[in-house]
Every structure is written in C-alpha cells, then in structure tokens.
Amino acid sequence: MAGGPQGVKALRPLLDTVLDALATGAAERGGPLPVGGPESVADAVREACAPLLQDTGAGPHAALRAVVRTLAAGAADPADPHCAAHLHCPPLALATAADLAASALNPSMDSWDQAPAASELEALTTRALAELVHPQGPDAEALVTTGGTESNQLAVLLARERAAQEYTAQEHAAGEHPVRGHEADPERAAREHRTPASHGAAAHTPPYPAPYAPPYGPCHGHAHSPGQGGSHADGHRVGDRAVHGSEHPARPHNGAHSHLAAHPHTPHSSQPGPAAPIGPPLQVVCGANAHHSIHRAAWLLGLPAPVTVPTPDGTLDPGDLAAALDRLSGPLLVVATAGTTDSGAIDPLPALADVAAAHRARFHVDAAYGGPVLFSDTHRHLLTGLDRAHTVTLDLHKLGWQPVAAGFLAVPDARDLAPLDHRADYLNADDDTEAGLPDLLGRSLRTTRRPDILKIAVTLKALGRRGIADLVDRTVTAARTLADLIEARPTFELHSRPTLTTVLFRPTGADDTTVATVRRRLLHDGRAVLGRASTPTGLWLKATLLNPHAHPDDLRALIDLVEGHTPR
C-alpha cells in the first residue's frame, strides 16, 4: 500500500520505473504528438497493452513499463512548445510531485474524519484565492471544482436557487401562503438553520439586495425557505443546514438534490423529475462567445435555453446586452467571459456589470482562462470589474500550470453558497456538527473527491504571487512575440493582436478547407498541435500558448512548420 509508515518504501522503486518509462516513451515519440494519427496510436496501444485482464498478471514493474511507456509515446505533450492547440497546460514538476502525495494519502474530501488536515488546507487555500478575486468581499470564499464546466454549472445553480429564495420570501411577506412546517415553529427553525459559529442562531437574511424585481410570472423555478445563510467562522461550513423533515416530502431538500435528480424537469419534458417548484424560471443571458457549458448548465437544471446575444466582434457588447435584457422579465443571470476559448478575448466587464445591476440581474463571469492574470501586476488591469461578479469561474489547470483538475468557483460572501448545504447522517450528522466536527458536504456537489487542493497549496507556497505572475507575464509575452513574427511574414495573416495567450492566424488567402487541411497534416505527422477557430471571417489556425519557457526560436519554427505544410 502507498500509505502508512511503509508506504514510501513501497513507492520508491515503482517511481523509478515510472520515471524511466516516461523518459523512454517521450524519446520514442520525439515530438509534440505521435506520428500516424488515430489508427497508428490505437495499434500501438493494443500491441503493448492487450490483453489487460489475464488470469496471471505481468507484475508491477513490467506493467508500469509497458503501460506508462505506451502512454508517454502516444501522448500529446503540452510541455512541447509546438503543442499549442488547447487550454492544455504543461504542469509544474512541483505540482505534479505534490499530486503524488495526494494520491498516496488518498484523503476523501467529503467528511472531516477522512481528511482532517486536507480539509483545513482546502479552507485556507480557497479563501486565499477567493480574496484574490474579491478583495472587497465581506467573507470571500471559493469551492474546488473539476474545472470551468462544473464551476459554470454551480454558478447557474446558485443563481436559480437565489431566484427561488427571493420569490418565496416575497410571497411569504405578502401573506400569500400559510406558514407551516418548520416555518410555523421558530425555535425549531432556529435549531435547524444554525450557523457553525453560533450553533442554534437563526438564519439571517443575505446581505445583498435582491437582484430580481417582482412581479414574477408562472411557476417553473425551485423553492427554498427564505433567508437561508450562514457564517463561515470555522473555515469549513459554507451554508446553514437545509430544512429537513416530513412537511414537504415531495420537494428536493436543497440545490444539490435537485441538481442531481435523475432527470431534469423542464417545461417541455413529460419525463418524471422533481416536484413542480415555486417561482418563475431563471433566464440565463450570455454572448455567443460564451463557453458551451453555460448552455449545458441551463439544460441540466431544467431552465429555458439561454438567450444568446450575438458577438460578431468576439466580445459581448453592453448596448446589445441591455437591449436583450429590456425584453425580459423575472429573474435574470448575465454571463460574461474573461478569456474566450476561441481567441482569449475578454468582455468589457465594468460596463457589463453596470448593465446587469441596472436590470437587477445576477452577474457571473467565466474567467476560467483569464482569471490567473490576477496574479500579475502588469496585466491584472485586463480583469477590472471582475470583483463585481456574484460568482466567478477560475481554473488553475490553464494559466496556473497545475495537473488537471484545478478549478474554482469564487463568491464574495461564503453565505452565497448556502443552497449547496446537504445532510447525510453517516458523513455530517447533526450532533457531530454541533460538537464541532467540520461539515464538508456543502463544499461540493460531489461526495467522494480527491484533495486537488494539495498541489495548488504547494505551488502558492513555493512560488508566491510574484512567482506565478512571472509565469503569466512570460506566457503573455510569448503570445505577443508570435503575433509579431506572423505580422512580419507576408505569407501569413493575423486575425488580431492577442489579449491573453491565444493567437489566431492562417496562410495568406487560405480558404477554410486549406486551413483545416494544414492542421490535420501537422497532426498526422506529429510535428505540431494547433487548434481551429471559426469566426465571421472564416476558419483560422489557433495557437494557444501556455508554455512560459517558449523561446522565440520555438515560435519561429512553429510558423515554419505551418508554412511547410501549406498546400501549394
């Protein structure tokens, strides 16, 4: 076993075998990608690894040599400066080494007794990152996620739950529904809506004004009792206990339950799902440049399809957003993007925040790509206005050089995460929480999850803000150097100057078929890994630079390869 007093002794010889296999496989590959395309890679994997399951195993060292060597030989290596297709970073050796410790110790981040130190380390680290995003937040906090997709889904979920809370609170204030169940028993409600710091204090009203203006329309949302919230004094608790009991047996207890329901209940579906909720549907409004996970989140949560505002120039125009919001009513969520996947463009965040505030809409910024620019004194101005968002997506497995996964969702106040609170007696029983055992279930929709925070904490501790900023600045400079080299060659055309680290270019006069052909030729030959981006002006090659050590000679060689693979 890897853990325990003897774990290191068991691991050490295996690590030597793994490192040797990695080196051998990389030498066999000899470039950023294996030669020959999908069929060649599939043949190599089958020849080296099949059959995998036999009556008698090959033994640990032989298995590691065969499988790891084959994986390395057939990998797309993001450490190669010519591997620049996606937001796929070369991980720091430091972070990778830390990740080994996480695997060896194997804490499970769903209850304190499975992860005592890891849970406290997560609380310290997420708070530090949240304060980077929301320096003025009253109690900034962040959740660890698998990446931008999960973070964006959580942002939409929290907006939906906030809309339902506001609607329910207004209906109760208007006396439209009789008070029943827990709400008829203030002392019981106080016991169940406790905060970890005060254990028994009644829940408070969230500190921000409601972003949703009445009156509301038909019922499609999801209900919560009004005023859910909670302090975060112990560093672990991110929301008060959700109301439980037999008064409303058909309703999901909280946002996590409804998010994980067997089938989303949509207005257009006859499939079974959660009981008909209270309130109007949240309407998501985003630009055409938004990540596809925004649309998937709306579908997954049974919400109407997002209103998509055209972005012909690559960014969301505040005037176009205002015009779209003018035509809508009910609860609204505006989604902006700080670092698009196609070009790295950043929406005008301050102006969009103004528009969202004027329409009493909740404001989410997907900064999965651009967020780490906050570390840099030189480039952080690109994200001015980010701190005005109610929720922010941030990834450190892009411009943070972490092994996958290293995502976050940041909020200005930990109480905003209250809808994620959930109870499972075997993990966070009431009496255990009251006795002081930290409650971890409200920190994720996932139950079992690995301690991804360890590699991040080690990186922050080792490099500091300025060390990470140096990596960010180097990478942005590399992208600008590549753009300079392209502009200097009449055989190429540049789409636009890069905002972050993505550069779009193509051979001069090339049509879409030629651009696609050049990319596939490079992939098949294993010489370079470039992406593709469709714009109103056609198809472009996409170089997404994430290697801070890329030298101008590497970049010059990259465009030489493109030129050499262009059909004449």
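The values are calculated or read from the model by the stated rules, or taken from the named source; none is laboratory data. Just so it is clear, the model here is predicted, and its values are computed rather than measured. Heads up, the Cβs are rebuilt from the backbone with ideal geometry, glycines too, and the neighbour counts pull from every protein chain shown. Calculation scope for accessible area: heavy atoms of the full protein, side chains included, ligands and nucleic acids excluded. Shrake-Rupley method; radii C 1.70, N 1.55, O 1.52, S 1.80 Å.
For the range 327-338, a residue qualifies if it is in contact (Cβ under 8 Å) with a residue 24 or more places away in the chain and either farther than 21 Å from His292 by Cα or open to solvent by 10 Å² or more (accessible area, probe 1.4 Å) (or both), and the qualifying residues are Leu328, Ser329, Gly330, Pro331.
Conditions (1) among the hydroxyl-bearing types (Ser, Thr, Tyr); (2) closer than 30 Å to Asp377 by Cα, marked per residue:
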| position | (1), (2) |
| --- | --- |
| Asp484 | no, yes |
| Leu494 | no, yes |
| Thr508 | yes, no |
| Val515 | no, no |
| Gly526 | no, no |
| Gly538 | no, no |
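Restricting to the range 358-368, name every residue that is touching a strand residue (DSSP E or B) at 6+ places or on another chain (Cβ under 7 Å) and either part of a loop (DSSP other than H, G, I, E, B) or surrounded by fewer than 24 Cβ atoms within 10 Å (Cβ to Cβ) (or both).
Those that are touching a strand residue (DSSP E or B) at 6+ places or on another chain (Cβ under 7 Å) and either part of a loop (DSSP other than H, G, I, E, B) or surrounded by fewer than 24 Cβ atoms within 10 Å (Cβ to Cβ) (or both): His359, Ala361, Ala368.
The residue pairs whose first member lies in the range 66-91 and is of a type in the set (Val, Ile, Thr), whose second member is not in a helix (DSSP H, G or I), and whose beta carbons are closer than 8 Å, counting only pairs six or more residues apart or on different chains, do not exist in this structure. Filter the range 55-101 down to the residues that are closer than 18 Å to Asp452 by Cβ and more than 20 Å from the chain's Cα centre (by Cα) and list them by number. If the condition is that a residue be closer than 18 Å to Asp452 by Cβ and more than 20 Å from the chain's Cα centre (by Cα), then Ala93, Leu94, Ala97, Ala98, Leu100, Ala101 are the ones that fit. Of everything in the range 369-404 that is crowded, with 24+ Cβ neighbours inside 10 Å and among the β-branched types (Val, Ile, Thr), the residue that is farthest from the chain's Cα centre (by Cα) is Val373. Summed over the range 292-304, the residues that are surrounded by fewer than 23 Cβ atoms within 10 Å (Cβ to Cβ) and in contact with a Ser or Thr (Cβ under 7 Å, 6 or more places away or on another chain) give a count of 1. Taking the criterion of being open to solvent by 40 Å² or more (accessible area, probe 1.4 Å), in a loop (DSSP other than H, G, I, E, B) and not β-branched (Val, Ile, Thr), the residues of the range 305-323 that qualify are Ala305, Pro310, Pro312, Asp313, Asp317. Taken over the range 24-36, the criterion of being more than 30 Å from the chain's Cα centre (by Cα) and touching a residue at least 24 places away in the same chain (Cβ under 8 Å) is satisfied by Thr24, Gly25, Glu28, Arg29, Gly30, Val35, Gly36. Hey, can you tell me all the residues within the range 553-565 that are assigned to a helix (DSSP H, G or I) and either surrounded by 13 or more Cβ atoms within 10 Å (Cβ to Cβ) or of a type in the set (D, E, K, R) (or both)? Listed by number, the residues that qualify are Asp553, Asp554, Leu555, Arg556, Ala557, Leu558, Ile559, Asp560, Leu561, Val562, Glu563. Taking the criterion of being aliphatic (A, V, I, L, M), in a loop (DSSP other than H, G, I, E, B) and either closer than 24 Å to Pro498 by Cβ or in contact with a Ser or Thr (Cβ under 9 Å, 6 or more places away or on another chain) (or both), the only residue of the range 324-348 that qualifies is Ala345. Are any of the residues in the range 531-546 buried (at least 22 other Cβ atoms within 10 Å of the Cβ) and charged (D, E, K, R)? Yes, that holds for at least one residue. Scanning the range 1-23 for residues that are over 20 Å from Asn106 (Cβ atoms), open to solvent by 90 Å² or more (accessible area, probe 1.4 Å) and aliphatic (A, V, I, L, M) yields one hit, Leu19.
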